[in-house]
Amino acid sequence: MKGNNLGEFEELALLTILVLGDDAYGVTIRQEIEKQGERKISRGALHTALSRLEDKGFLNSRQGEATEARGGHPKRYYEVTNKGKEALHEAKNTRDRLWNQIPEVRLELQYAW
Amino acid sequence: MHGSQHPSEFYQRLFRWFCKDEFFDELQGDLEEEFYFNLKELGTKQAQAIYKKEVLKMIRPSVIKRFKLSNNSIFYDMFKINAKLALRNLVKHKLYTAINIGGLAVSIAVCAILLLYVNSETNYDNYHPNGDRTYRMALDRFYPDHTSYYAITPFSIAEQAAMDFPEIEDFTRIFPAGFGVNVTYNNETFLENNIIASQANFFEFFGIKLLDGNAEKIFDVPNSIILSEDMQLNTLAKKIL
C-alpha cells in the first residue's frame, strides 16, 4: 500500500495544504477544497487521507492552539515535507510528459461522428 | 435539545466513545469549530444536522478505536488459535478448500441469480389493474401429424368468444400496423418500428395513463395516433404543436 504514488485525492490535499501555507488545519483544508469547487468531503474522509499521507511521510503535523470556538480542543496544523513535495513534482512531471506526447488533434473535443 | 447552541450532547459522547484517543482533540475541535460557524450561517437546525452527519461519517477504520472482542484473554487466545488452525487446514487441504469454498460461492451466486430472476418476473408490468385476470388468446392448430402454435388469432374471434363464454368480461385487440414505417416531415425522416392499431378501450383495459390529451375522446377521430414518450415522432409532434 505504501509507495511513493499519489492518489488523486491525496495530490489534491497536498496542493491545498501548500496553498494554505501556515494556516492549514482540518477546517481550512476542507473549506479550501470545497471553495476550489472540487468536491464536498466529510471531515472523516479528509482525516483518512491526511493520516495516510502522514504515514507515508509526505506530511508533518504539529499541535496548535486551542480556541474558545473549538470547545477547548487544540488544532493540528499540517505541513508538506520535502518527500511530499518530491512526490508532487514527480506526479506533475509524469502528467506533463504524457500531455506533451499527445498530439493536439487528439485532444480536440468531438461531439459527433 | 432542539434549538441548542451546542452540538448534540449524545453525538458528542458517541464520538468520544468510538474515536481513537490520539485523534479526538483534533477532530472534535474541527467539528465544533465548523458547528459554530454553521450555527451563524445556517441556523441551529442545519448546524446540528451537519454535525450529526459528520460524526456518523467518522465511523471509518482510520478513526475508530480497535474494540476488544472480550476482556477475557483466554477467550481471545483461543479464538486466535482456532482461527490459525482453520487457516492452516485450509492451506493444507487445497483441493477440498477449493471444492468447498467454490461450491459455496457457486451456490450463493445461483441463489442470488434465482432471487433476482424471480423478483424481476414478479415485479414488472404490475400496473395493469386486472393483471391476474388478463389473458392473451393464442391459437393451436392440430394437424394429423403435428401441431402448429400461433400467437395470432383471427380478428373476429374475440367478439364471438365473448358471446360464447360468459366468463369473458371484456376484451381488447391489437393489430400490428407496420414494422418500420418511415415518417417524413420537413425533410426529417423518422423510422418507427412499433406502430399498433387498437380499439377504444385499450388504455382503460391495460390501465395505461395518458400524459396529455383527453382519454375519453382519443378515438373519436378516425386515423388518430397516440404517441408514446420514447417515440421519435414525439419529438416531431412537440415541434409542430
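The values are calculated or read from the model by the stated rules, or taken from the named source; none is laboratory data. Since the structure is predicted, the reported quantities are computational estimates derived from the model, not experimental observations. A quick note on method: Cβ atoms are made from the backbone with ideal geometry, for glycine too, and the neighbour counts reach across all protein chains shown.
Here are the numbers for this structure:
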read-out	value
Lone unmet requirement of (1) within 14 Å of another protein chain (Cβ to nearest Cβ); (2) small (Gly, Ala, Ser); (3) over 19 Å from B:Glu32 (Cα atoms) for A:Gly84	(1)
Test set (1) assigned to a loop (DSSP other than H, G, I, E, B); (2) more than 17 Å from B:Tyr135 (Cβ to Cβ); (3) under 31 Å from the mean Cα position of the chain (by Cα); (4) not small (Gly, Ala, Ser) - B:Thr172 fails condition number	(2)
Filter pass, A:Ser51 being within 22 Å of B:Ile59 (Cα to Cα) and out of contact with any Gly (no Cβ under 7 Å at 6 or more places or on another chain)	yes
Filter pass, A:Leu12 being within 13 Å of chain B (Cβ to nearest Cβ), under 11 Å from the mean Cα position of the chain (by Cα) and assigned to a helix (DSSP H, G or I)	no
Where B:Ser120 falls short, out of the listed (1) touching a Phe, Trp or Tyr at 6+ places or on another chain (Cβ under 9 Å); (2) within 30 Å of B:Ile208 (Cα to Cα)	(1)
Sole exception among (1) assigned to a helix (DSSP H, G or I); (2) more than 10 Å from chain B (Cβ to nearest Cβ) for A:Glu79, by number	(1)
Residue selected from region A:24-42 under the condition assigned to a helix (DSSP H, G or I) and away from chain B (no Cβ under 13 Å), by the criterion surrounded by the fewest Cβ atoms within 10 Å (Cβ to Cβ)	A:Lys35
Lone unmet requirement of (1) at pLDDT 85 or above; (2) more than 10 Å from chain B (Cβ to nearest Cβ) for A:Tyr111	(1)
Matching strands (runs of 3 or more DSSP E) fully within region B:178-241 where at least 2 residues are farther than 30 Å from B:Asp132 by Cβ	B:181-185, B:188-192
Residue that is at pLDDT below 85, closer than 28 Å to B:Gln12 by Cβ, within 13 Å of chain B (Cβ to nearest Cβ) and not in a loop (DSSP other than H, G, I, E, B), where the choices are A:Ala45, A:Ala69, A:Ala49	A:Ala69
From B:Lys53, B:Lys57, B:Lys40, residue being without any contact (Cβ under 8 Å) to a residue 60 or more places away in the chain, surrounded by fewer than 10 Cβ atoms within 10 Å (Cβ to Cβ) and of a type outside the set (Asp, Glu)	B:Lys40
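Conditions (1) without any contact (Cβ under 8 Å) to a residue 40 or more places away in the chain; (2) over 32 Å from the mean Cα position of the chain (by Cα); (3) loosely packed, with under 12 Cβ neighbours inside 10 Å, marked per residue:
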| position | (1), (2), (3) |
| --- | --- |
| B:Met163 | yes, yes, yes |
| B:Glu167 | yes, yes, yes |
| B:Ala177 | yes, yes, no |
| B:Asn187 | yes, yes, yes |
| B:Phe190 | no, no, no |
| B:Ala197 | yes, no, no |
| B:Ala200 | yes, yes, no |
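Rundown of residues vs (1) within 14 Å of chain B (Cβ to nearest Cβ); (2) surrounded by fewer than 19 Cβ atoms within 10 Å (Cβ to Cβ); (3) touching a Lys or Arg at 6+ places or on another chain (Cβ under 8 Å); (4) part of a helix (DSSP H, G or I), yes/no style:
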site: A:Thr16; (1), (2), (3), (4): no, no, no, yes
site: A:Leu53; (1), (2), (3), (4): yes, no, no, yes
site: A:Leu88; (1), (2), (3), (4): no, yes, no, yes
site: A:Leu98; (1), (2), (3), (4): no, yes, no, yes
